[in-house]
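Student: Just passing along the structure, written as C-alpha cells.
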Amino acid sequence: MTPSHAPAAHLLIISDREPLAWVLENQRMAFPAGRTRTSLSMNKGDEVLLYTTRGCFGNPTRDLGRIIGLATLTTEVSTLDEPVTFGERRFTEGCRLRIHGLAPFREGVVLRDMVNDLQVFPDPRSWSVRMRRASLRLPEPDAALVKRELQPLLKPYGEVVGDYALQNR
C-alpha cells in the first residue's frame, strides 16, 4: 500500500461452492481471465467483504445472497504462477487474504435487504446486474453500513470455516 492510497472496500462476489471452498481454505482470491482491470483496482490493505450469491450452494430457491465474511488483502493482485481452474473457467490473477471473521453457515447479511440503503446501487430495481462480476468497489458509507450489520454475526475464522467445508462434499 502506498502512502497516498487510502484502503478501499470491495465486495468479492463468489457464485459457486467449489471456488468458495478454495477461497476460504487458502485465504486467497483468484480472478477470471479478462477481469484484470477490475482486479488490479484492488490494493494490499484493502478490505474485502465476502459475498456468496443465492446460487452458490446449488439451491437458489432456498439460499439467499449473503455477505458472509470480512478480510483484508495481504498482497497486491498479480498474475498467478499457476492459474486456478474451476470447471472450465481459468482464474489467472490473484492475491492473498487474511480472513478476520465469518458468519456461521447460512447466516450473514442478506444483501437484497440493503440495496435501497446503498449508494453503489443507484437504481435498486436493477441492483443484481451490478453483481455479475468478480468484485464491486463499495463507496465508504456503504462499506461502513455493511460492516456494522455484519460485525455482530462474525465468528473467528477457525470456529466456522469447517462448517463451510462440509457443505462442499
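Student: Relative to the compact globular guide of 2.2 N^0.38 Å, what is the alpha carbon radius of gyration of region 96-169, as a ratio?
Tutor: In units of the 2.2 N^0.38 Å rule of thumb, it is 1.24.
Student: Within the accessible area of region 93-152, what % is carbon and sulfur when the probe is 1.4 Å and the other protein chains stay in place?
Tutor: 45
Student: Rounded to the nearest 10 Å², what accessible area does residue 54 show when all protein chains are kept and the probe is 1.4 Å?
Tutor: 140
Student: GluC sites (Glu not before Pro) within region 77-169: which are DSSP loop residues with at most 16 other Cβ atoms inside 10 Å?
Tutor: 88, 107
Student: Now for a separate question. At q = 0.22 Å⁻¹, what is the base-10 log of I(q)/I(0) for region 7-95 according to the Debye formula with one equal point scatterer per Cα and no solvent? Please give it to two decimals.
Tutor: The calculated log intensity ratios at q = 0.22 Å⁻¹ are -1.14.
Student: Residue by residue through region 51-61, which ³J(HN,Hα) values in whole Hz follow from phi under the Karplus form 6.51 cos²θ - 1.76 cosθ + 1.60 (θ = phi - 60°), with glycine and proline marked x?
Tutor: 10, 9, 6, 5, x, 4, 9, x, 9, x, 7
Student: Given springs between every Cα pair under 10 Å in a Gaussian network model of the chain, which of 84, 115, 129 has the largest fluctuation?
Tutor: Largest GNM mean-square fluctuation: 129.
Student: Next question. Quick one: what are the phi-derived ³J(HN,Hα) couplings along region 131-140, Karplus 6.51/-1.76/1.60 with θ = phi - 60°, whole Hz, x for glycine and proline?
Tutor: So the J values, rounded to whole Hz, are 8, 8, 7, 7, 8, 9, 6, 9, x, 3.
Student: Here's something else I'd like to know. Please compute the modelled spin-label separation between residue 112 and residue 62, points set 7 Å along Cα→Cβ, answer in nm with one decimal.
Tutor: About 1.7 nm, to one decimal.
The values are calculated or read from the model by the stated rules, or taken from the named source; none is laboratory data. Owing to the predicted nature of the structure, the values given are computational and were not obtained by experimental measurement. No Cβ is skipped: glycine too gets one built from the backbone with ideal geometry, and neighbour counts run over all protein chains shown. In case anyone asks, the SASA skips ligands and DNA or RNA and just uses the protein heavy atoms, side chains included. Shrake-Rupley method; radii C 1.70, N 1.55, O 1.52, S 1.80 Å.
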